There are 2 protein chains.
Amino acid sequence: MSDLPAEFALIARHFLPLAGPGALFLADDAAVFAPPNGRDLVVAADAMVAGIHFLPDDPPDLVGRKLLRTNLSDLAAMGATPLGYLMTVSAPRATPDAWFAGFAAGLAADQAEYAISLLGGDTTSTPGPISLSLTILGHVAPGRALRRAGARDGDGLWVSGSIGDGALGLLAARGEIADPNGTLADRYRLPRPRLALGQAVAGIAHAGMDVSDGLVQDTGHLCRAGGLGAVIEADSVPLSPAARAAGRLALCLTGGDDYELLLAVPPAAEPALAEAAARTGTPVTRIGGFRADAPRVTVRAADGTVLPLATGGWSHFG
Amino acid sequence: MSDLPAEFALIARHFLPLAGPGALFLADDAAVFAPPNGRDLVVAADAMVAGIHFLPDDPPDLVGRKLLRTNLSDLAAMGATPLGYLMTVSAPRATPDAWFAGFAAGLAADQAEYAISLLGGDTTSTPGPISLSLTILGHVAPGRALRRAGARDGDGLWVSGSIGDGALGLLAARGEIADPNGTLADRYRLPRPRLALGQAVAGIAHAGMDVSDGLVQDTGHLCRAGGLGAVIEADSVPLSPAARAAGRLALCLTGGDDYELLLAVPPAAEPALAEAAARTGTPVTRIGGFRADAPRVTVRAADGTVLPLATGGWSHFG
């Protein structure tokens, strides 16, 4: 189903170099590969649209890498090991060749970093903005996938890395806040999927997911999946120096694009978690805990005050 | 990565009923499933954009079914058995709920017909037209996938069903040609992926693919993949009564959207092909053959005249 006049040449020039052995040189109707013996398959898909999920003038290599990494973050959240991906690209006919070249170069860089390759896809024209869709395939030992359901009363709520840089980075990329050394915009444009930690916490965490829609909302997902409540101690939430300097706590707690892991870990497993964090070089921080309650998230300030939540998110504060 | 305010409600209402067991109720970061033991996996992805691949006022149930069936046709072309699919939907915020309801109803109907289910995906907004992307997963016995490469000198060129109805159907759907009983528009809107035939010709056909970009162009793909030429006898190409009445032979041979299978079959395997066609209830027709030659397609009229080809397609004739 091709409709770009130069589609075949475009694929040969930019996407064929990304193809792995199973992709049959992108010349067949589908890719064929033998799944790893005795492993479960893990699959996820995400879409990104110019003007919605990335800025139209974002460097195309970073757009490619973000597309791949948001999907890799979904695999990290399941404790899975990446295998490969399929991708569809719908672009206006006037899209310059240099955009595709940069986009493919970004994908190539991350393919090398994550040891994966392109398995197949489709390229079409669109009268609208560039629309990208990526399906990631990975694998996990049977029964070892990290799930959203499973948190228990008394589990600690843990998060990797730091929270809020992605949401602040969007403002920085738009020039709306200061970002002296560019670290915030970098975090917005280039997520760091926590694959090693995700794989390391199988058998340690009772439940987990990645933070993509905002810390509070995603904690709510763990609560609903587990049928219990959670308390977040706002002062414990790890902020980068740049985020601390920005002083926008509410945005940090509710903005998206963090791509950190959020874990429910029983106290007895904390030494094992510390060992997994050290072994994978991933900082983790306890930011609160789960308790028998209705499935809701309570955010507390250092003085014990409950910070106000509006329906589906925050009323503004701080 | 959700940005539609009511995304979760929309997913719960329309897409959750489509989810299979491995989809974890679409509530986790990814789907997990055990691939069939000892089988190779077959994966393909296609994108469809409103105004390019379907008409904005096409019934949404048929849009859903076409999206699924164009991908199923890729599995048919590989001789694979469908397993499930992931899908991303980018839609304008003003898209009425009834559109999603119809779209999901079409998918549900075809899930039942093809015994597959939704494994996961993503729903986002877009300032552009509705943009859909679907990744299909299937499986095949190791080494038995039907490939584009493999045609040999002396193989017959065979096609299933009839050719040209899809391309004529687009004109009919636009009201540009007559379509008294609606069969042409129906063929455009609702492909019939040839899954049973594709699975039945493993070990019979030397090579194969599905016809999606037009008979002549796709025959060219088999020629390039096999390093040989092909002759199509124009009078042998099977046309439906409606296509015959339309009298647009050039369009039939070069238009797309057929979703029939195109096969390279050695003469000695013709009885086996006839048996496979009868067993699966799929008509097949010999429309020409492959010969040692440069990779090119020659189309001959009944009187032996070579019909003129323009670069990358047809100059108009007939």
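FYI, it's all coordinate maths here, none of it is from the lab. These numbers were taken from a predicted model, which means no experiment stands behind them. As a convention, Cβ positions derive from the backbone with ideal geometry for all residues, glycine included, and neighbour counts pool all protein chains shown.
Key figures
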read-out: Label point distance in nm, A:Glu275-B:Ala112, each placed 7 Å from Cα along Cα→Cβ; value: 5.3 nm
read-out: Ranked B:Ile163, A:Ile130, B:Ile52, criterion: other C-beta atoms within 10 Å, fewest first; value: B:Ile52, A:Ile130, B:Ile163
read-out: Mean residue ellipticity (222 nm) of the protein assembly as shown, computed from DSSP H runs ≥ 4 via -39,500 (n - 2.57), nearest 500; value: -9000 deg cm²/dmol
read-out: Descending Cα extents along the principal axes, segment B:7-140, whole Å; value: 46, 31, 23
read-out: Fully extended contour minus Cα-Cα distance, from A:Ala268 to A:Leu55, at 0.36 nm per residue; value: 72.2 nm
read-out: Most mobile of A:Pro96, A:Pro60, A:Pro295 in a GNM of chain A (Cα contacts under 10 Å); value: A:Pro96
read-out: Cβ-defined net charge surrounding B:Asp235, 14 Å radius [Lys, Arg +1; Asp, Glu -1]; value: +1
read-out: Stokes-Einstein D for segment A:156-309, Kirkwood Rh over Cα pairs, 37 °C, 0.692 mPa s (µm²/s); value: 210 µm²/s
read-out: For segment B:84-238, alpha-carbon Rg relative to the globular expectation (2.2 N^0.38 Å, N residues); value: 1.27
read-out: Summed residue charge, Cβ within 13 Å of A:Ala185's Cβ, Lys/Arg positive, Asp/Glu negative; value: -3
read-out: Scaled radius of gyration (Cα, divided by 2.2 N^0.38 Å) that segment A:66-138 gives; value: 1.15
read-out: Cβ-based exposure ranking for A:Glu7, A:Glu176, B:Glu260, in which fewest neighbours within 10 Å come first; value: A:Glu176, A:Glu7, B:Glu260
read-out: R0 of 60 Å, Cβ-Cβ distance B:Arg13-B:Val306: FRET efficiency to nearest 0.05; value: 0.60
read-out: Relative contact order %, segment A:7-140, counting alpha carbon pairs below 8 Å whose residues are six or more apart; value: 41 percent
read-out: Rel. contact order, % - alpha carbon contacts under 8 angstrom, at least six apart, chain B; value: 22 percent
read-out: Percent RCO, i.e. relative contact order, over segment B:156-305, from Cα pairs under 8 Å lying at least 6 residues apart; value: 43 percent
read-out: Charge tally in the Cβ shell below 12 Å around A:Leu62, where Lys, Arg are +1 and Asp, Glu are -1, A:Leu62 excluded; value: 0
read-out: Chymotrypsin sites (Phe, Trp or Tyr not before Pro) within segment A:209-318, DSSP loop, no more than 15 other Cβ atoms inside 10 Å; value: A:Phe317
read-out: For A:Ser117, B:Ser131, order by how many other beta-carbon atoms lie within 10 Å, fewest first; value: A:Ser117, B:Ser131
read-out: Inter-centroid distance (Cα atoms) of segment A:122-152 relative to segment B:167-228, Å; value: 30 Å
read-out: Over 17 Å [Cα-Cα, segment A:162-207], rounded percent; value: 45 percent
read-out: Solvent-free Debye scattering, log10 I(q)/I(0), computed from the Cα coordinates of chain B at q = 0.07, 0.14 Å⁻¹; value: -0.30, -1.09
read-out: Whole-angstrom Cα spans of the protein assembly as shown along principal axes, big to small; value: 93, 46, 42
